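First up is the structure itself, then whatever we jot down about it.
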Amino acid sequence: MYAQDISRGETTSQERRDDQQNDKRILGHVVHCDGARATITAYADEEDGTVTEQWTVGRMISINLGIARTVGLVYAINKGDLSWRPGERNAIQVSVELVGEVRDREAPQPPIFDRGITIYPHIGAVAHRIRTGDLQAVYDLAGRRSVMIGQLSQDESIEARIAIDDTLARHFAIVGTTGVGKSTAVSLLMRKAIEARPDLRILILDPHNEFAASLPEHCVRVDANSLDLPFWMFRLEELTEVLFRGRESEPEEVDVLRDLIPIAKNLYRNPGSGAFVRRGSDALTADTPVPYRMADLIKQIDERMGLLESKNDRPTLKSLRTRIESAVADPRYKFMFNSRLIEDTIHETIGNIFRVPHDGRRVTCFEMAGMPSEVVNSVCSVLARLAFDLALWSEGKLKLLVMCEEAHRYMPADPRLGFAPTRHALSRIAKEGRKYGCYLGVITQRPGELDPTILSQCSTFFAMRLANEHDQAIIRSAIADSSASSLAFLSSMGQREAIAFGEGVATTMRLKFERLAANLIPGTAKPEEGEKSGGSDDVDLIHIVERLRNVPKAPTNLAFAEPVSAQLQPGDPGYRKPEPVAAQRQPAGQDDLDFGYGLKPGRFGSRG
């Protein structure tokens, strides 16, 4: 068996910065090692009684083994007798977790860091504060394309960098309790991703309407008033969620829709075909994204009610007809049933949402505040499904990042909660999206309430302060055993601090995110706007009630994606530019919600 001499020290002192430095600086010695952890004895003060800060929890230290230096993370410090004796040196015990080892290379190459331990510390090995060069080697990304997102918490002179391609392609998650700077970190990461990846498009599912103002030069916003997403682009289960307002659906009514929607689609494509449905390879189904008219669907329901053999089904058919008419007349669903959306606008709709072409703005913020939950569920399902399909059929040319703020709302751990199609669409991105260029970013303050399947697909984590024990346990289960002690700080980390681990970093890293300008912090634009408007504390109750009642606004342009203002929010005066007078004219007697308006057959798939 081959033995290696590890007793010899380095030819130069590791911590000596100049010739005048005292050789009897604070050092420690290894007294215990079990393969994953080691215990070091040291002194908390110098010979002259000065208390040193060399040994503190969270710092990395170096253990000198001659041919290599073992890197450890301090996770506990104690003094055996729990007493302090002034006038004499106080011995302490330092518990460290072994992270890896640093080896020197031929000059001028810098040292190299390897995860894992090949040579374990021996009893009596010298331990001390890690050198700056070694600390840089620990977090070196070995030539992978990287972006700087902040500084190391231990040494702010060293940049905290992540491998941006691996972080995006293998999905990432940002977790942290409310108020710790999670949204600011998200905004920062999106800015860095846009700079590093000019081919990337980003779709943000924004439940609090806060991100658009933080990315004014990159972003267009889409809200309930400006969204145009035709009902015929919804799959049957997504349309059912809207019609039943989030309640349990009636199987009989769903079966009727499954039978009659293909007939309505066939009538749109072939007006003279009647109720004949083509069979074969080009047959239409209830899920095929082909335009149809609600007027035709209701007409088919009426005809079925008139049939003698449908006598027992009439209550079901009548109930379904009432549901459809109620949804079409509801102003909250105007983005689905607007009269102009009957024609084949799929190219324009998808192009505006997913920024093809991007026209210099590659981020779309879908603002959901104030929208009914059943609408949010269905629309998020449609958008996530379209994102994956676009990436798939573009053969990797279209790179999409779907950012899910408050992800536990769409992908809850309890399968009985949430909306199943949304969960399935996002799960598909998490499991298969990397192969086709569709990436997922998960942001949540309750990882314990998030579907563990989704979380397990995220290869890079940014864990900010978490107070809940269950949430902390979920994150601990995702980190490698050799870095588990890092998460002991989760409940006590400061603002903008995070522990990053996974594929996007070289090793577990405690960092402080870069500071953003005050006007680019998500959620701060609206209070500033209120202050600029006079600083009045009066509440405009009339305006609030109008928004509660969803008072219909003037018709909006079909090119709904528009540049955002950093000052104005949805509902504020001047938020949306008025349309030209000619564009606002409608034929006499026609209402914008009349689903029989504009019934011009269009050729499906035409680009004109």
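Can you pull out every residue in the range 400-410 that is closer than 17 Å to Gly176 by Cα, open to solvent by less than 10 Å² (accessible area, probe 1.4 Å) and not acidic (Asp, Glu)? If you could, list the steps in order and put the result at the bottom.
Filtering the range 400-410 for residues closer than 17 Å to Gly176 by Cα gives 403-409.
The next check asks that each one be open to solvent by less than 10 Å² (accessible area, probe 1.4 Å); those that pass are 403-405, 407.
Met403, Cys404, Ala407 - these are the residues of the range 400-410 that are closer than 17 Å to Gly176 by Cα, open to solvent by less than 10 Å² (accessible area, probe 1.4 Å) and not acidic (Asp, Glu).
Out of all the residues in the range 388-397, which are of a type outside the set (Gly, Ala, Ser) and open to solvent by 20 Å² or more (accessible area, probe 1.4 Å)? First the steps, then the outcome.
Step one: of the range 388-397, the residues of a type outside the set (Gly, Ala, Ser) are 388-390, 392-393, 395, 397.
Once the filter is applied, which keeps residues that are of a type outside the set (Gly, Ala, Ser) and open to solvent by 20 Å² or more (accessible area, probe 1.4 Å), the range 388-397 yields Asp389, Leu390, Leu392, Trp393, Glu395, Lys397.
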Checklist entry - Taking Leu243 and the conditions (1) open to solvent by 30 Å² or more (accessible area, probe 1.4 Å); (2) within 18 Å of Glu374 (Cβ to Cβ), which numbered condition does it fall short on, given that it satisfies the others? => result (1)
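It is to be established whether one or more residues within the range 249-264 are closer than 13 Å to Val375 by Cα, at pLDDT below 90 and under 36 Å from the mean Cα position of the chain (by Cα). Steps first, answer last, please.
Taking the range 249-264 as the starting set, the residues that turn out to be closer than 13 Å to Val375 by Cα are none.
No, the range 249-264 contains no residue that is closer than 13 Å to Val375 by Cα, at pLDDT below 90 and under 36 Å from the mean Cα position of the chain (by Cα).
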Checklist outcome for this item: Tyr43 passes all but one of the listed conditions (1) under 16 Å from Pro121 (Cβ atoms); (2) touching a residue at least 40 places away in the same chain (Cβ under 8 Å); the exception is number (1)
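Residues Arg85, Arg115, Arg131: which one is out of contact with any Pro (no Cβ under 6 Å at 6 or more places or on another chain) and under 21 Å from Phe461 (Cβ atoms)? It would help to see each step written out before you state the result.
Numbers: Arg85 fails: under 21 Å from Phe461 (Cβ atoms); Arg131 fails: under 21 Å from Phe461 (Cβ atoms).
Just a single option satisfies the conditions, and that option is Arg115.
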Item to check | Residues located in the range 319-340, provided they are of a type in the set (Val, Ile, Thr) and open to solvent by 10 Å² or more (accessible area, probe 1.4 Å) | outcome: Thr322
Checklist entry - What number of residues within the range 101-129 satisfy the criterion of being in a strand (DSSP E or B), closer than 19 Å to Arg161 by Cβ and touching a residue at least 24 places away in the same chain (Cβ under 8 Å)? => result 4
Item to check | Yes/no for Arg385 being crowded, with 21+ Cβ neighbours inside 10 Å and either modelled with pLDDT under 85 or farther than 21 Å from Pro447 by Cβ (or both) | outcome: yes
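The values are calculated or read from the model by the stated rules, or taken from the named source; none is laboratory data. Every value quoted in this text rests on a predicted model; they were computed, and no experiment measured them. When we count neighbours, we look across all protein chains shown, and the Cβ atoms used for this are built from the backbone with ideal geometry, even at glycine. All accessible areas refer to the heavy atoms of the entire protein, side chains included, with ligands and DNA or RNA removed. Shrake-Rupley method; radii C 1.70, N 1.55, O 1.52, S 1.80 Å.
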